[in-house]
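Participant: Here's a structure for you.
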Amino acid sequence: MSDILVEAKNLTRHFQSSGFPARKRALIHAVDGVSFSIKKGETLGLVGESGCGKSTVGRLLLRLIEPTAGEVYFNGQAIYELGRQEMQLLRREMQIIFQDPFSSLNPRMTIKDIIGEPLDIHGLAVKGNKKAKIFELLEMVGLSSEHAGRYPHEFSGGQRQRIGIARALALRPRFIVADEPVSSLDVSIRAQILNLLKDLQKNLGLTYLFIAHDLSIVKYLSDRVAVMYLGKIMETGSANSIFQRPCHPYTRSLLDAVAIPDPDVQRKRLILNEDEPNLSRPPFGCPFHPRCPQAMERCRREEPLLMELDSEHQAACHLAD
Amino acid sequence: MALLEVRNLKTYFDTARGMVQAVDGINLTVERGKTEGLVGESGCGKTVMALSVMRLIPNRGKILNGEIIFEGEDLLQKTPAEMVRIRGRKISMIFQDHLSSLNPVLQVGKQIEEAIRKHQGLDRLAAREKAIKMLGLVGISSPETRIKDYPHQLSGGMRQRVMIAIALSCNPSLLIADEPTTALDVTIQAQIVELLKRLIKELDTSLLLITHDFGIVAELCDRVSVMYGGQIVERAPTREIFKNPGHPYTRGLLNAIPRIDRDMDRLDNVYGAVPNLISPPDGCRFCSRCPGHYEICHRKNPEPVEVGPDHLVSCWIYGQKGVTHV
């Protein structure tokens with residue numbers, strides 16, 4: 001058996017934008033031919049600016065939305081070919097933690113109902129045993145059994161995120177998509193949640209897709225990193241190689257953008273000139289060339305493909321040749 | 001003399017559940033031509049602090065005590081009419097939420113002109129010219145056409161630039177920026193930081209920067225105050241706070257930041273959460289989260305002690321000369 005748990009092949013998803021009149025509607029290439037694989041027990045960090053399609057990738061992997069084209073294999077099984085019942089069975093293996101701990105919890109449900117709901121749906125709750133399971137989950141994420149009867153509004157952002165994590169863990173999944181789980185949290189709370197995610201991975205042997213826009217957070221958690229821009233992967237590789245030898249100018253500019261909390265670090269920054277372009281009219285050639293400080297004539301004409309730089313590092317850039 | 005000096009400021013909010021001591025006895029100084037950082041997590045009172053200086057506290061809130069000396073005059077003694085002439089002209093503010101801070105049904109040009117015409121008495125044409133100049137200054141390309149855009153036609157980064165243009169259009173001597181980069185992508189954050197850095201130098205404006213991000217503090221600030229539970233727990237020159245942090249909260253925060261420039265096996269946990277400011281505990285407010293607290297910490301709130309040049313720490317343990325480790 002191979003050690004790959006999740007594999008995406010040529011994953012593509014287009015959306016029809018709203019607009020009036022109809023001729024103003026455009027086709028948005030949210031995800032455009034993305035391929036990668038995640039090994040058992042590792043964390044793949046998926047990085048990019050807002051609107052680059054990283055959340056859509058997360059949703060496609062869990063089949064929360066259907067793809068326009070492409071395949072996702074979970075443990076060797078092509079998930080888009082599964083029937084409804086088979087898919088529901090598979091959902092026990094794959095769960096998601098959402099970005100916003102406020103809108104992702106039903107305000108009218110108590111904590112024990114929120115965490116217990118997946119158990120009910122999957123018929124895993126035996127009377128008496130359910131309560132014990134919920135308490136165990138609460139303890140696992142650093143809350144206590146006395147919280148079970150309360151409602152979401154009684155909790156702070158960090159505690160709510162813990163509840164969201166407990167819900168995701170309820171079915172004992174093997175794979176979790178964490179979609180910007182800490183971006184709305186304060187510094188000290190963020191550290192608590194990041195440490196919790198790390199501990200859970202170690203203790204339960206979880207595999208993560210960790211979606212974020214901040215490379216310093218990705219660096220803390222990830223074994224491998226994929227950098228996305230306009231629906232495409234620009235560079236991917238082991239965390240070490242990406243952070244030590246970034247090849248794509250976009251990766252470099254993302255790294256430069258992170259403010260380092262040390263006044264003695266003097267850096268020359270590669271600052272991108274423009275805001276992100278329109279997704280419905282992606283530029284011809286390399287998608288990054290209008291913002292790239294090193295763009296050449298070739299970048300305007302020809303789109304670079306992901307190329308192997310070494311066994312654990314790929315980049316889609318003409319300069320990387 | 002300092003440009004802005006806040007002395008023993010107390011701003012409380014009267015709520016159904018009790019009196020919220022949002023800002024509780026704060027001293028803060030912004031020197032002319034310098035950037036002062038105010039760092040803290042959400043709910044620590046840093047925005048209320050800024051709004052108090054602007055005298056923009058909503059109805060339920062009251063400034064109970066203190067002085068806000070700006071250019072030698074106490075702002076708390078000013079009439080509302082006098083404050084209108086100070087706001088925007090002498091002190092202006094950039095808000096965190098650029099989407100709700102701009103009027104969605106007015107062209108951005110009109111919104112910049114509004115401030116200019118109000119405070120500088122320029123006519124329509126001259127104000128338009130100045131507005132175009134300001135948009136160019138904050139790095140928006142082809143400002144002559146952009147001036148007719150509505151806020152929804154601009155990206156988040158551009159809206160924040162427009163906010164900065166409005167704030168700086170009347171050459172204020174003090175700019176208060178409340179989390180100016182928080183809702184933005186990292187790449188856009190970097191652009192805004194570079195822009196602020198350039199503008200305060202060019203226009204010779206003093207900046208009070210409110211943020212939770214120590215990375216931005218390291219890049220922009222000359223001096224930092226760390227706020228916790230409505231009070232300032234530490235104040236030091238920027239370099240000093242990073243190299244030699246005193247208060248356990250400052251240390252905890254600094255070690256809780258994932259770093260891109262070094263490998264970290266584990267982040268420091270500052271356990272627990274911020275205290276309730278309705279009836280804060282007696283004694284030190286950080287006490288319940290502090291790794292090394294003593295009996296006195298529960299009883300009495302520590303006074304700031306100077307532990308080095310211009311370095312104040314309010315802590316019973318670390319706030320003593322020579323004590324660096326417990």
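The values are calculated or read from the model by the stated rules, or taken from the named source; none is laboratory data. This structure is a prediction, so every number in the text was calculated from the model and none was measured. Glycine also receives a Cβ, built like all others from the backbone with ideal geometry; neighbour counts cover every protein chain displayed. Protein only, heavy atoms only, side chains kept; ligands, DNA and RNA dropped before computing areas. Shrake-Rupley method; radii C 1.70, N 1.55, O 1.52, S 1.80 Å.
Participant: Checking the conditions here, which among B:Gly109, B:Gly43, B:Gly72 is of a type in the set (Gly, Ala, Ser), out of contact with any Cys (no Cβ under 7 Å at 6 or more places or on another chain) and at negative phi? Steps first, answer last, please.
Facilitator: On the way: B:Gly43 fails: at negative phi; B:Gly72 fails: at negative phi.
B:Gly109 is the lone residue from the list that is of a type in the set (Gly, Ala, Ser), out of contact with any Cys (no Cβ under 7 Å at 6 or more places or on another chain) and at negative phi.
Participant: Name the single residue that is farthest from the chain's Cα centre (by Cα) among those in region A:296-315 being closer than 16 Å to A:Pro282 by Cα and surrounded by 17 or more Cβ atoms within 10 Å (Cβ to Cβ).
Facilitator: A:Cys299
Participant: So in region B:242-264, with the set limited to residues that are at the interface with chain A (Cβ under 9 Å from one of its Cβ atoms) and open to solvent by 60 Å² or more (accessible area, probe 1.4 Å), which one is farthest from the chain's Cα centre (by Cα)?
Facilitator: In the first step, residues of region B:242-264 are kept if they are at the interface with chain A (Cβ under 9 Å from one of its Cβ atoms); the result is B:242-243, B:249, B:252-261, B:263-264.
So of that shortlist, the ones also open to solvent by 60 Å² or more (accessible area, probe 1.4 Å) come out as B:243, B:255, B:261, B:263.
Working: B:Lys243: 22, B:Asn255: 22, B:Asp261: 26, B:Asp263: 30 Å.
Restricting to residues being at the interface with chain A (Cβ under 9 Å from one of its Cβ atoms) and open to solvent by 60 Å² or more (accessible area, probe 1.4 Å), the top hit is B:Asp263.
Participant: Being surrounded by 24 or more Cβ atoms within 10 Å (Cβ to Cβ), assigned to a strand (DSSP E or B) and of a type in the set (Phe, Trp, Tyr) is the requirement here; does A:Tyr208 meet it?
Facilitator: Answer is yes for this residue.
Participant: For the structure I just gave you, tell me whether B:Asp222 is at the interface with chain A (Cβ under 7 Å from one of its Cβ atoms), of a type in the set (D, E, K, R), touching a residue at least 24 places away in the same chain (Cβ under 8 Å) and touching a helix residue (DSSP H, G or I) at 6+ places or on another chain (Cβ under 8 Å). Working first, answer last.
Facilitator: Numbers: at the interface with chain A (Cβ under 7 Å from one of its Cβ atoms): no; of a type in the set (D, E, K, R): yes; touching a residue at least 24 places away in the same chain (Cβ under 8 Å): yes; touching a helix residue (DSSP H, G or I) at 6+ places or on another chain (Cβ under 8 Å): yes.
In short, no.
Participant: Could you check A:Met234 against (1) within 14 Å of chain B (Cβ to nearest Cβ); (2) in contact with a Phe, Trp or Tyr (Cβ under 8 Å, 6 or more places away or on another chain); (3) open to solvent by 20 Å² or more (accessible area, probe 1.4 Å); (4) not in a loop (DSSP other than H, G, I, E, B) and say which number it fails?
Facilitator: The one condition A:Met234 does not meet is (3).
Participant: In region B:268-284, what residues are more than 14 Å from every other protein chain (Cβ to nearest Cβ) and either under 24 Å from A:Ala191 (Cα atoms) or open to solvent by 60 Å² or more (accessible area, probe 1.4 Å) (or both)? Give the derivation first.
Facilitator: First pass over region B:268-284, keeping only residues more than 14 Å from every other protein chain (Cβ to nearest Cβ): B:278-284.
Result: B:Ser279, B:Pro281, B:Asp282, B:Cys284.
Participant: Taking B:Ile176 as meeting all but one of (1) out of contact with any His (no Cβ under 8 Å at 6 or more places or on another chain); (2) β-branched (Val, Ile, Thr); (3) at pLDDT below 95, write down the number of the exception.
Facilitator: Every listed condition holds for B:Ile176 apart from (3).
Each row is one residue, and each column tells you yes or no for (1) small (Gly, Ala, Ser); (2) exposed (fewer than 15 other Cβ atoms within 10 Å of the Cβ); (3) touching a strand residue (DSSP E or B) at 6+ places or on another chain (Cβ under 9 Å).
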{"site": "A:Gly76", "(1), (2), (3)": "yes, yes, yes"}
{"site": "A:Leu90", "(1), (2), (3)": "no, no, yes"}
{"site": "A:Asn106", "(1), (2), (3)": "no, yes, no"}
{"site": "A:Ile111", "(1), (2), (3)": "no, no, no"}
{"site": "A:Ile121", "(1), (2), (3)": "no, yes, no"}
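Participant: Now a separate question. Would you call B:Arg146 over 29 Å from B:Thr211 (Cβ atoms) and more than 24 Å from the chain's Cα centre (by Cα)?
Facilitator: Details: over 29 Å from B:Thr211 (Cβ atoms): no; more than 24 Å from the chain's Cα centre (by Cα): yes.
It is false that B:Arg146 is over 29 Å from B:Thr211 (Cβ atoms) and more than 24 Å from the chain's Cα centre (by Cα).
Participant: Further question: Of (1) in contact (Cβ under 8 Å) with a residue 60 or more places away in the chain; (2) of a type in the set (Ser, Thr, Tyr); (3) open to solvent by 20 Å² or more (accessible area, probe 1.4 Å), B:Ser314 satisfies all except one. Which?
Facilitator: (3)
Participant: Every residue in region A:159-197 that is assigned to a helix (DSSP H, G or I), modelled with pLDDT under 90 and not hydrophobic (A, V, I, L, M, F, W, C), please.
Facilitator: A:Ser188, the sole residue that qualifies.
Participant: Also, quick follow-up: Any residue in region B:186-195 that is among the hydrophobic types (A, V, I, L, M, F, W, C), farther than 28 Å from B:Leu99 by Cα and either touching a residue at least 12 places away in the same chain (Cβ under 8 Å) or away from chain A (no Cβ under 14 Å) (or both)? Outline the logic, then answer.
Facilitator: Start the filter on region B:186-195 by keeping residues that are among the hydrophobic types (A, V, I, L, M, F, W, C), which leaves B:186, B:188, B:190, B:192-193, B:195.
Imposing the further condition that a residue be farther than 28 Å from B:Leu99 by Cα reduces the set to none.
No.
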